[in-house]
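Since the structure comes first, as C-alpha cells, the remarks are kept for the end.
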Amino acid sequence: MKKIILFFIVMLTFISSMELKAQYTINEGFEGVTFPPANWTTKMYISGSVQWVRSTSQKNSGTASAFANYGPAAGNEVWLITPKVLVSTGDSISYWARKQYTSNYVPDSLTILISTTDTARSSFTTLYTIDVNTLPAPLAFGYRAASLNAYAGQQVYIAFKHYDQDGNGVWLDDVKAGQPASVDCGVSSVGTTGTVYSTGNNTVTPSGTVNNYGGSTATFTVTRRISPGGYVDTQTITNLASGGSQVVNFTNWSYTVNTLYTIKDSVYISGDVNHANDTLTGFLTYATPKTTLVYNVDQRSRDSIVTHLNASGLSGQYNETSTFPSISLSNWTTLIVGFGNGSSWSAAFRDSLKAYLDGSTAPNKRTLIIFGNDLGYANDPRRNASALAGDTVFYRQYLHAQYWTDDWVDNFTASDSTLKGIVSPFTSITGQRVNDPYPDCVAPATWNTGSGTLTSALIPVTESGDGDSCAAIAYSGTNYNVFYGSNVYYGYVPTVSGALSPQGVVFNIIRNYVENNGGQLPVELASFTSSIDNRKVTLNWSTTNEENNAGFEIERKLTSATVWTTAGHVNGAGNSNTVRSYSFSDNNLSTGKYNYRLKQVDFNGNFKYYDLANEVNIGVPNKFNLAQNYPNPFNPTTNINYDLPFDSKVAIKIFDITGREVASIVNQVQPAGFYSVNFNASVLSSGVYFYQINADGGNQNFVKTMKMMLVK
C-alpha cells in the first residue's frame, strides 16, 4: 500500500513539474497597485529626481505599466530589477516599451542588464542597450526580446536601466522571462476603459483581446460580463496560433451615459496551467461633455490646471483626457492644452485644433487656451527652417504668434523671470514669476489679426510694451478666442525658487478674459427632461454651476418646421455653485411632434442653446371634450379648446342668451387631435353667451354647450 501511495506521489510530482516547466518564470504587467511588485526592486543612481513608478495613463495591455519619467539636465539613472529566476534552455526575456514624447533627445537610453550574483550595480553585465528615440510614440508600444540561453542553469536578476538628461521618459509593460507553457490562454485587454465621451445613450459593439501564451494552437471560449445591466456574451476562439492574439467582438450592448460599468472578460480552456491571466476587469463610463476639456499632454501642467479649476469653483465642471476623445472636440466650448517641456503637437492633433477653431461661430465662441515653451521654437520657420507648412500656418494664423528667440528670461535678465500684464484684464498681474529655463520670446503676428483684437497679454516687467516681445498672446476674434502662453503652465510660480505649483492668479485672469469676450458660458446644465400630460408638456432641468446667468428662454418648434418660437422664460439664479432646479409647463398644445431647447442668456447678452435630447409627441385624445374658454370673463378675445378622438365633421357656434346664433367659428372636417380656436367678440355687446360643439366621427355624435361672459 505504501508503494502505491509513493508511486502516485512521484507521478503527481512528475506531472506537475512537466506542466510547470514550460512557463514564464516572470510574467509581469504591473496590474497590482503595489509598486514595485513583490520581490522587484528599484534603484536610483547619479543625481536623479525621478524613479520608476506604476502608471495607468499608458499601457500595452491591461490597465497599467511601469514608467520612468525624464529627469534633470544633470542626468537621471533609474533601475527596475526583477526577482531572481532560474534560467532554462530556450528561455528569453521580452517586454513592450514606448517613449514619452515624439521629439528625440540625446543621450536617452534603455539598457537591459543581467546579474548571476546579486543586485549590486557592479554585478550586472549589459545584455544590450537601445536608443529610447527608436521606441514608438505616442500611443503604440514596441516589442523587444533577447535570448537567455547563455545563462541556462543559472539563477539571475534582470535589470531595466533608464538614463536621460532632461530628455524622454519611457513606459515598460508585459515583461516576461522563460518560455510559454504548453496550454496557457489569457485575456490581455478588455478594450475601451476609463471615461469615453458620448452625447447620449447609444449601442456599441464591445471588444477585447485574448492571447495564446501556450506552445501550441488553441481553441477556447471567452465570456464578457458587464454590470450593472446583466450583459453576458460568450464567443469561441478557434485555432489561435501559439503566441498569437485576437480581437474578439461581442454582441451589441446598449449603455446609459454617466453610469460606471464594470467589465470582466474570462477565458476557459481545458488543461490551462496558468490561471493568473484567465480574467481581466476594467471600468468604463460614457460621460456627456461638460463645458471645458483639459487635454492632458503633460502631467505636471495638467495637475496645476486641474488644481486651479477646482480652486475657482469649477470642480466637476470640466472633463479631462490624455487621449483623443471618441467624439469631436466641437462638443466642448473651451479647450485647455498644456504641453510639457520641449514638446509640441502632432500633425493629427494640430489639424484637430485647427478644425475646432474653424468650426466656431458667434455667438457661441470657442476658446483655445494653450501653453508650451517650444511651440514657436519647433513650428516657426524663423527658428526651424524645416518646420512643416501646416505647423507654421497653425502657429502664425491660429495662435496668431511669431517667434523671436528661444529664451526671454535670458534676453530680459533685468526682469528677473517676472511678467506683467499690459491690457485688461491682465493689468492686474504686476509680478508673476516664471520658473522655466527656455520660455519662447514671441510677439503677436499682427498681419493675421483679421477683424479680431490681437495683443501682447504678458510681457517681461522691463519690456516697453510696444508689442515687439512678449510671453503670452491674447486674441479675441469674431468667431473664436485664443490665449497662448509661451512657457509650460506649471512654470507660473509665486517666486522663481517656489514650488512647481502656481497659485492660480494667471488662470483666474485668463478665465475672466475668456468670459468677457463671449467665450465659455458659466452655466453647466446637469439634466434636461420632459413629461407629457394630455396637451401639457412639462420641462425640468437643473444646473450645477451658474455665473452671470440672467435666465432661460424656452423655445419650441414642430419637428417638421425650421423656425423656433419662444414658449416662455424662466429667470436664472445669477451666481450659484450648488444644484439649481427649474421647471416650465407648456400648455394646450395641438397634436404633433415637437422639439424643445433652452436658450441660456447671461447678463452680458451672451447665450448658448441646450437641446432636449428627445422629441415630444402630443398624441390624440381618448374621448370627445369641450373645455371652458379662457380667459373668462374676456374682452374681446378668448380661447376655446376641444378634443377629437376620431376624424370628425366639426361645427362650433356662438349663441346669445335668447338662443340666436351670432357667430360660427369652426365648420369643417378635422383629423383626430387636440385643438384650440380663438374667438374675437369685438363686434358683440357685453353679456352672457353660449358656445356649442357638434362633432360627428367614429360612429359617434358629440354635442356640448358651455357658457361664457363678455365684459367690455
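Throughout, read-outs are computed from the coordinates displayed, never taken from laboratory work. What you are looking at is a predicted structure, and each value in this text was computed from that prediction instead of being measured. Cβ placement follows ideal geometry from the backbone for every residue including glycine, while neighbour counts extend to all protein chains displayed.
Given a cut-off of 19 Å, what percent of all Cα-Cα pairs of segment 309-390 lie beyond it?
48
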Handout entry: segment 40-101: Rg to Rh, with Rh as the Kirkwood radius over Cα pairs
Key = 1.02
Exercise for the section: Scale the Cα Rg of the chain by the rule-of-thumb value 2.2 N^0.38 Å and send over the ratio, two decimals. Expected result: 1.31
Completion exercise
Of the residues SER188, PHE160, VAL563, the Cα lying farthest along the dipole of the chain towards its positive end, which is defined by charges on the beta carbon of Lys, Arg, Asp and Glu, belongs to VAL563
Practice task
Using only Cα atoms, find the angle between the long axis of helix 505-516 and the longest principal axis of the chain, and express it within 0 to 90 degrees, rounded to the nearest 10.
Solution key: 30
Fill in the blank from the handout: Ordered by number, the trypsin sites (Lys or Arg not before Pro) in segment 564-637 that occupy a DSSP loop and have at most 11 other Cβ atoms within 10 Å are LYS623
Exercise for the section: Note the full-extension length gain between LYS704 and THR34 as 0.36 nm times their separation in residues minus their Cα-Cα distance, in nm to one decimal. Expected result: 233.2 nm
Completion exercise
Taking a crude spin-label model, label points 7 Å out from Cα along the C-beta direction, the SER122 to SER676 distance in nm is 9.4
Exercise for the section: Place a +1 charge on the Cβ of each Lys and Arg in the chain and a -1 charge on the Cβ of each Asp and Glu, then give the dipole magnitude about the Cα centre in debye, rounded to the nearest 20. Expected result: 1860
Fill in the blank from the handout: Computed over the chain: longest principal axis from alpha-carbon atoms vs helix 2-21 long axis, angle to nearest 10 degrees, is 70
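Under the 0.36 nm per residue contour assumption, what length would be gained going from the current alpha-carbon distance of ASP466 and LEU86 to full extension?
129.7 nm
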Fill in the blank from the handout: Out of PHE634, VAL703, VAL650 - ranked by how far each Cα lies towards the positive end of the dipole of the chain, with unit charges on the beta-carbon of charged residues - the top one is VAL703
Problem - Cβ-based exposure ranking for SER581, SER326, in which fewest neighbours within 10 Å come first - result: SER581, SER326
Handout entry: Largest-first principal axis extents of the Cα set of segment 396-473 (Å)
Key = 35, 27, 19
Exercise for the section: With r as the distance between the Cβ atoms of ASN202 and ASN239 and R0 = 56 Å, compute the FRET efficiency 1/(1 + (r/R0)^6) and round to 0.05. Expected result: 0.95
Problem - Inter-site label distance for SER57 and THR413 at 7 Å from Cα along Cβ, in nm - result: 3.5
Problem - Inverse mean reciprocal Cα-Cα distance (Kirkwood Rh) of segment 292-516, Å - result: 17.2
Problem - Distribution of pairwise C-alpha distances over segment 653-701, 5 Å bins, in % - result: 5, 15, 28, 20, 15, 11, 5, 1
Handout entry: Cα-based helix-to-principal-axis angle, 347-358 vs the chain, degrees rounded to 10
Key = 20
Completion exercise
Of the listed links LYS176/LYS264; LYS536/LYS653; LYS420/LYS599; LYS557/LYS623, those spanning more than 31 angstrom between alpha carbons are LYS420/LYS599
Practice task
Report the label-to-label distance for ASP656 and SER581 in nanometres (one decimal), using points 7 Å from each Cα along the Cα→Cβ vector.
Solution key: 5.3
Fill in the blank from the handout: Footprinting proxy, MET44, MET708: sorted fewest to most Cβ within 10 Å, the residues are MET44, MET708
Exercise for the section: Can you put SER245, SER343, SER664 in order of Cβ neighbours within 10 angstrom, beginning with the fewest? Expected result: SER664, SER245, SER343
Problem - Rg over Rh, two decimals, segment 185-287 (C-alpha only, Kirkwood Rh) - result: 1.01
Practice task
Calculate the dipole size of segment 547-599 relative to its Cα centre from +1 charges on Lys and Arg beta carbons and -1 charges on Asp and Glu beta carbons; express the result in debye to the nearest 20.
Solution key: 180
Exercise for the section: Treating only the Cβ atoms of Lys and Arg (+1) and Asp and Glu (-1) as charged, compute the dipole magnitude of segment 603-664 about its Cα centre; round to the nearest 20 debye. Expected result: 120
Completion exercise
The percentage of Cα-Cα pairs in segment 207-360 separated by more than 21 Å is 61
Problem - Base-10 log of normalised Debye intensity for segment 523-618 (one unit scatterer per alpha-carbon) at q = 0.14, 0.20, 0.21, 0.23 Å⁻¹ - result: -0.49, -0.94, -1.02, -1.17
Completion exercise
For the chain, whose charge dipole is built from +1 on Lys and Arg Cβ atoms and -1 on Asp and Glu Cβ atoms, the candidate among TYR377, VAL579, CYS441 with its Cα farthest towards the positive end is VAL579
Problem - FRET efficiency, VAL423 to VAL620 (Cβ-Cβ, R0 51 Å, nearest 0.05) - result: 0.25
Practice task
For segment 133-245, restrict the atom set to alpha-carbon positions and state the Rg and Dmax in Å.
Solution key: 19.2, 59
Practice task
Evaluate E = 1/(1 + (r/R0)^6) for THR259 and THR321, where r is the Cβ-Cβ distance and R0 equals 22 Å; express this FRET efficiency to the nearest 0.05.
Solution key: 0.75
Fill in the blank from the handout: Fraction of alpha-carbon pairs in segment 266-345 farther than 21 Å apart, rounded to whole percent, equals 47
